[in-house]
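Chemist: A single structure is presented below for examination.
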Amino acid sequence: MTSSIIYYLKEFCRPEWWRKFLFAKTPPLVTPDHFRGYPELTGNECTHELRCMMICPSPGAIEVLRGDDGKWAPVIYKGHCIRCGLCVEACPDNVLKSGDILERNEDDKTYFLATYHLHVDNAKCMRCGNCAVACPVNKEEDPRLGSTGTSSNDDVIMRVKEGNLTFLHPEKCTGCKTCEETCPNGAITVARVVEGAQDEE
């Protein structure tokens, strides 16, 4: 122990150590060219489609929250945001902007198409119906669902039917993952598929 302390004291007394410590130079922090800047709000109304959250590759970087005025709006957490700009490109309502992304997309007529795929692991599923009751789209399609706990309406995305969780209209899924987060057994998953598209001239 004593020898270690003596070694460090000798090291700190070296003029070379002090020279490097006091006169160290670091390059200025430069933002790489491929960083597009932090997304900012454009003022357009958010329709709560959550595509920005679904496409974001950085966990916890963006969240769509309802404000005191009852309107939805994305919130960017800069500590997690990697400034890739995918949320700007994925939003169908141009709620976010970053650099010239929106202008280039308009000039090139490019955009993202997002679809969501639902999967249930029948070995884990208890057929409790929590996912069907929690689903916000289901609640819109069948307002009685929240009070009865079951649905007989075939317009919902999913419901327990004939003893199994059945997907009736998976194309209505908005990708919010409420069902996935609500499932006590982790039996249901929502996968996103995003592909680029371009309008023909």
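The values are calculated or read from the model by the stated rules, or taken from the named source; none is laboratory data. All values derive from a computational prediction rather than experimental measurement. Here Cβ is always computed from backbone atoms with ideal geometry, including for glycine, and neighbour counts include all displayed protein chains. Just so you know, the surface numbers come from the protein's heavy atoms only, side chains and all, with ligands and any DNA or RNA stripped out. Shrake-Rupley method; radii C 1.70, N 1.55, O 1.52, S 1.80 Å.
Chemist: Starting from 0.36 nm per residue, how many nanometres of slack lie between Ser152 and Asp100 once their C-alpha separation is accounted for? Before the final figure, lay out the partial values.
Modeler: Numbers: separation 52, 0.36 × 52 = 18.72 nm, distance 4.84 nm.
Once the chain is fully extended between Ser152 and Asp100, it gains 13.9 nm.
Chemist: Still on this structure, please answer the following. Under a point spin-label approximation (7 Å from Cα along Cα-to-Cβ), what is the Lys161-Val30 distance to one decimal in nm?
Modeler: 6.0 nm
Chemist: Right, next: For the pair Phe12 and His80, how long in nm is the line joining their label points, each one 7 Å along Cα→Cβ?
Modeler: 4.0 nm
Chemist: Compute the distance from the alpha-carbon center of the range 1-28 to that of the range 38-112, in whole Å.
Modeler: When both Cα centres are located, 47 Å separates them.
Chemist: Could I ask something else about it? Considering the values (1) 9, 37, 38, 14, 2, 0; (2) 8, 24, 24, 17, 10, 8, 7, 3, 0; (3) 9, 32, 34, 12, 6, 4, 2, 0, which represents P(r) over Cα pairs in 10 Å bins from 0, in percent as calculated for the structure under consideration?
Modeler: Comparing each candidate, only (2) matches the computed number.
Chemist: Considering only DSSP states other than H, G, I, E and B, which GluC sites (Glu not before Pro) in the range 3-98 qualify as loop sites with at most 13 other Cβ atoms within 10 Å?
Modeler: Glu45
Chemist: For the range 66-171, report the convex hull volume of the alpha-carbon atoms normalised per residue, in Å³, without decimals.
Modeler: With only Cα atoms used, the range 66-171 gives 174 Å³ per residue.
Chemist: Sticking with this one: State, in angstrom, two size descriptors of the range 136-200 derived from its alpha carbons: Rg to one decimal place and Dmax to the nearest whole number.
Modeler: Looking at the range 136-200, its Cα Rg and Dmax stand at 14.0, 48 Å.
Chemist: What is the magnitude of the charge dipole of the chain about its Cα centre, with +1 placed on the Cβ of each Lys and Arg, -1 on the Cβ of each Asp and Glu, and no other charges, expressed in debye to the nearest 20?
Modeler: Computed charge dipole of the chain: roughly 1460 debye.
Chemist: To the nearest 500 deg cm²/dmol, what mean residue ellipticity at 222 nm is calculated for the chain from DSSP H runs of n ≥ 4 alone, each contributing -39,500 (n - 2.57), summed and divided by the residues?
Modeler: Calculated from helices alone, the mean residue ellipticity at 222 nm is -6500 deg cm²/dmol.
Chemist: Moving to a separate point now. Of the heavy-atom accessible surface of the range 109-149 (probe 1.4 angstrom), what whole percent is carbon and sulfur?
Modeler: So the carbon and sulfur contribution to the accessible surface is 54 percent.
Chemist: Measuring from label point to label point, each 7 Å out along Cα→Cβ, what is the Thr42 to Phe23 span in nm?
Modeler: My value for the distance between the label points is 5.3 nm.
Chemist: Calculate the FRET efficiency for His117 and Asp69 from the Cβ-Cβ distance with a Förster distance of 22 Å, rounded to the nearest 0.05.
Modeler: Plugging the Cβ-Cβ distance into 1/(1 + (r/R0)^6) gives 0.05.
Chemist: Order the peptides 77-84, 18-25 from the highest to the lowest mean number of other Cβ atoms within 10 Å of their residues. List each step's numbers first, then the result.
Modeler: Values: 77-84: 13.5, 18-25: 8.1.
Ranking, from highest mean packing down: 77-84, 18-25.
Chemist: Give the accessible surface of the range 151-201 per residue, rounded to a whole number of Å², with probe radius 1.4 Å and ligands, DNA and RNA excluded.
Modeler: Averaged over the residues of the range 151-201, the accessible area is 58 Å².
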